[in-house]
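Structure, as structure tokens:
The values are calculated or read from the model by the stated rules, or taken from the named source; none is laboratory data. Computed from a predicted structure; not experimentally measured. Methodologically, a virtual Cβ is constructed for each residue, glycine included, from the backbone with ideal geometry; neighbour enumeration extends over all protein chains shown.
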Amino acid sequence: MTKDTYMKTLRERLNQLNIEGREEILNDFETHFTLGKANGHSDDELMASLGSIEEILESYENLQSPNNEKIQVHGHDQKKEFTHKITTIDISARHADTKISTSSDGGFHVDLYKEGKLLERLSHTLIAYQEEATFYVKVLPLFPHKTSGQYDLKIQVPNGLPILLLNTSSGSGTLKHITVQEIRINSASGDFRLMDIISERVDIEVASSDFQLINVRGDMYIRSASGDFKIEQSNGENFDYQSASGDLSLNGDFETIHINNVSGDVDAQLKLIHQMNISNTSGDIHIKIENKDDLQISTSSLNGDCEVYQADKVLLNKTGQVQIGEPNTMIKLKTISGDIRLDLE
């Protein structure tokens, strides 16, 4: 099929089905062909990327509201009654910007708002459904078309939800004022902000996303390739951080601290701790802790400086051990070529 035949058939079928905004749809498709050919793609490749005429028409017919899609769930959805209590919400947002907060009525509310040209808005749709105890929310492409449209996904969840899973590719995320037993976030490049969160466990795995966490209560387990983390006014029993090159700013109260850092910088201000283990390759680390009694500190260094200060007095430099009082807090510092400084306030 040639491009002219493709567009003629599409126009005829759009007219037959009386689909609203037919001229705008056709103009968007013409733009798709023009830009695609300018980038070296053939008509056959561009038609394949758009999908068949039937697939396109089915996509437009299925979308009753191209600008705003809403799904509200209060024990049943639009198709079937729920037979299990929901214990997990699994969100696949891909490129959508996601905002999650607590609902006022104990239900699930999902709203997807789309901006851009008509073809861009209609290239993705919102699907929400339940399988046993898991409630799935997905923003999916309707046909293989690369878009630059903006997708905002707003979700409200009941307080006390056992598990919240969020997976994104490039979209950003905001989680505010929610209580959930476990949060798991997996992101490639979007930026995230978590504020006023109560959770037993927060798991974050990212490639290059930047995170800001403010007043988050719960154990934290962070795996980062290059993203920066700024954590303020947060607390829990365990803080476990592994990073390749991102920077960490930490201000909080955690009983056990594990930091494995390659080349990013770490700046931490901590209150009472029971155990700290810092391993560093080439980044600079500066840690201040409030408890200065009953400590046992050991340091080791290959080339970098590994120093411990108390009231600006050097207790350790490079490699060694020092004991303060009757130690019930163990601190281990290890560096290869980066600098580590520990200040006992």
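Observations, loosely collected:
- Selection within the stretch 170-216 - of a type in the set (Gly, Ala, Ser) and not in a strand (DSSP E or B): Ser170, Gly171, Ser172, Ala188, Ser189, Gly190, Ala207, Ser208, Ser209
- Residues that are in a loop (DSSP other than H, G, I, E, B) and of a type in the set (Val, Ile, Thr) were ranked within the stretch 257-294; the one that is surrounded by the most Cβ atoms within 10 Å (Cβ to Cβ) is Ile273.
- Of all the listed residues (Ser282, Ser298), the sole one being in the same structural domain as Gly246 (by TED's automatic domain parsing), modelled with pLDDT of 85 or more and of a type in the set (S, T, N, Q) is Ser282.
- Selection from the stretch 201-231 of residues that are buried (at least 20 other Cβ atoms within 10 Å of the Cβ), more than 13 Å from the chain's Cα centre (by Cα) and under 16 Å from Ile259 (Cβ atoms): Met220, Ile231
- Qualifying position, being out of contact with any Gly (no Cβ under 9 Å at 6 or more places or on another chain) and closer than 23 Å to Glu345 by Cβ, among Ile231, Ile278, Ile222, Ile285: Ile278
- Residue in the stretch 315-337 that is part of a loop (DSSP other than H, G, I, E, B), more than 22 Å from His258 (Cβ to Cβ), hydrophobic (A, V, I, L, M, F, W, C) and more than 35 Å from the chain's Cα centre (by Cα) present: no
- Just one of the numbered conditions (1) touching a helix residue (DSSP H, G or I) at 6+ places or on another chain (Cβ under 6 Å); (2) at pLDDT 75 or above is not true of Ile19: (2).
- Selected residue (criterion: nearest to Asn277 (Cα to Cα)) from residues of the stretch 295-310 that are crowded, with 21+ Cβ neighbours inside 10 Å and not hydroxyl-bearing (Ser, Thr, Tyr): Ile297
Conditions tested, residue by residue: (1) at pLDDT below 65; (2) within 23 Å of the chain's Cα centre (by Cα); (3) assigned to a helix (DSSP H, G or I).
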{"residue": "Leu57", "(1), (2), (3)": "no, no, yes"}
{"residue": "Gln64", "(1), (2), (3)": "yes, no, no"}
{"residue": "Gln72", "(1), (2), (3)": "yes, no, no"}
{"residue": "Thr83", "(1), (2), (3)": "yes, no, no"}
{"residue": "Tyr113", "(1), (2), (3)": "no, yes, no"}
{"residue": "Leu119", "(1), (2), (3)": "yes, no, yes"}
{"residue": "Thr125", "(1), (2), (3)": "no, yes, no"}
{"residue": "Leu140", "(1), (2), (3)": "no, yes, no"}
{"residue": "Phe143", "(1), (2), (3)": "yes, no, no"}
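- Looking only at the stretch 242-256, and only at residues there that are polar (S, T, N, Q) and either part of a strand (DSSP E or B) or touching a residue at least 40 places away in the same chain (Cβ under 8 Å) (or both), the one that is farthest from Thr329 (Cα to Cα): Ser243
- Residue that is farthest from Gln242 (Cα to Cα) [pool: residues in the stretch 190-200 that are crowded, with 17+ Cβ neighbours inside 10 Å and not hydrophobic (A, V, I, L, M, F, W, C)]: Ser199
- When Tyr151, Tyr136 are screened for being surrounded by fewer than 17 Cβ atoms within 10 Å (Cβ to Cβ), in contact (Cβ under 8 Å) with a residue 40 or more places away in the chain and not aliphatic (A, V, I, L, M), only Tyr136 passes.
- Met195, sole failed condition from (1) more than 17 Å from Ser249 (Cα to Cα); (2) at pLDDT 95 or above; (3) of a type outside the set (Lys, Arg); (4) touching a Leu at 6+ places or on another chain (Cβ under 8 Å): (1)
- Any hit, the stretch 244-254, residues being surrounded by fewer than 17 Cβ atoms within 10 Å (Cβ to Cβ) and under 25 Å from Asp90 (Cα atoms): no
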